[in-house]
Amino acid sequence: TTKIMTAVVALEKGNLDDVVTVSKRAAGIWGSRIHLKAGQKITLRELLYGLLLSSGNDAAIAIAEHLGGNMENFVEMMNKKARELGLRNTSFKTPHGLDADGHYTTAYELACLTRYALENPVFSEIVKTKKTSISYRTLYNTNEMLGAYPGADGVKTGYTGKAGRCLVTSVTRDGGRFISVVINSPSRYDRALSSKLILDYAYNNYKTYTLMRAGEIVTNIGVSKG
């Protein structure tokens with residue numbers, strides 16, 4: 001789920017048509033990968049699909065090094081954006097989210113970050129994509145809620161030993177959007193079930209009301225000697 005912020009910074013600081021050269025550091029990272037090779041050239045757009053659909057740790061490092069010059073500078077860009085968004089209980093140490101001392105966030109702040117990220121139409125389009133092909137392989141979205149829950153249109157799965165199974169879900173229907181965040185689940189099944197229960201509760205207990213429209217005049221007030 002760290003990769004939500006990685007994508008936000010990349011979309012705001014980068015050009016989707018940029019050609020990125022993959023480093024040995026990126027190609028050599030462990031965990032979930034899109035199997036980048038050292039020296040490979042790939043567009044930032046393709047890396048973002050690899051980052052958000054297949055959760056590629058190698059894609060995260062390649063993006064970070066391209067835009068920050070190195071991974072450490074990019075992480076500072078991530079933390080600066082977190083401060084701009086008022087995320088006071090969030091701290092990043094890597095662009096991929098593997099366990100690291102001082103790397104943390106909360107369910108609430110992940111929801112706030114996701115709400116902001118979904119305002120970007122490119123981000124919104126990528127995270128609702130179930131399957132796509134890039135220059136050298138086909139990518140499949142790891143989000144089990146897509147197609148399984150009515151209106152689900154994102155956002156990001158996650159797993160580390162310390163964080164457990166995590167899932168940020170966006171559902172858009174009936175003219176509104178709900179975002180759920182589940183962290184530290186023991187399995188993919190449990191995180192999906194917990195997400196469904198949260199979203200069912202939201203749809204059963206909340207609805208959108210229009211209190212006032214832009215430019216609407218409520219009343220006129222006379223001002224004496226104004």
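The values are calculated or read from the model by the stated rules, or taken from the named source; none is laboratory data. What you see is a predicted model; the values in this text were computed from it and never measured. In this analysis, Cβ positions are derived from the backbone assuming ideal geometry, glycine residues included, and neighbour counts consider all displayed protein chains. What goes into the accessible areas is simple: the full protein's heavy atoms, side chains included, and nothing from ligands, DNA or RNA. Shrake-Rupley method; radii C 1.70, N 1.55, O 1.52, S 1.80 Å.
Laid out as a table, the results:
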| quantity | calculated |
| --- | --- |
| By accessible area with a 1.4 Å probe, ligands and nucleic acids excluded, highest first: order of Thr142, Thr160, Thr210 | Thr210, Thr142, Thr160 |
| Amide H contacts of Val155 (H built 1.01 Å from N, under 5 Å, at least 5 apart or other chain) | Val168, Thr169, Ser170 |
| Nearest-ten-degree value, helix 71-84 long axis tilted from longest Cα axis of the chain | 10 degrees |
| Degrees separating the helix 107-117 axis from the principal Cα axis of the chain, which is the longest one | 90 degrees |
| Per residue solvent-accessible surface (Å²) - segment 137-185, probe of 1.4 Å | 42 Å² |
| Which label in (1) 0.98; (2) 1.06; (3) 0.95 gives the computed Rg/Rh (Cα atoms, Kirkwood Rh) | (2) |
| Under the Karplus curve 6.51 cos²θ - 1.76 cosθ + 1.60, θ = phi - 60°, whole-Hz ³J(HN,Hα) for segment 40-55, x wherever Gly or Pro sits | 5, 10, 8, 6, 4, 4, 5, 4, 5, 5, x, 5, 8, 8, 9, 6 |
| Accessible heavy-atom area order of Arg173, Arg191, Arg213, Arg88, highest first, probe of 1.4 Å | Arg88, Arg213, Arg173, Arg191 |
| Principal-axis tilt of helix 3-13 within the chain, Cα atoms, nearest 10 degrees | 80 degrees |
| Highest-first arrangement of 108-115, 13-20, where packing means the average Cβ count within 10 Å | 108-115, 13-20 |
| With all protein chains modelled, accessible area of Ile134 [1.4 Å, Å²] | 20 Å² |
| Accessible-area order (highest first, 1.4 angstrom probe) of the listed residues Tyr149, Tyr159, Tyr136 | Tyr159, Tyr136, Tyr149 |
| Stretchable slack from Glu125 to Ala107, in nm (0.36 nm times residue separation minus alpha-carbon distance) | 4.2 nm |
| Accessible area of segment 91-178 belonging to carbon and sulfur atoms, whole % at 1.4 Å probe | 51 percent |
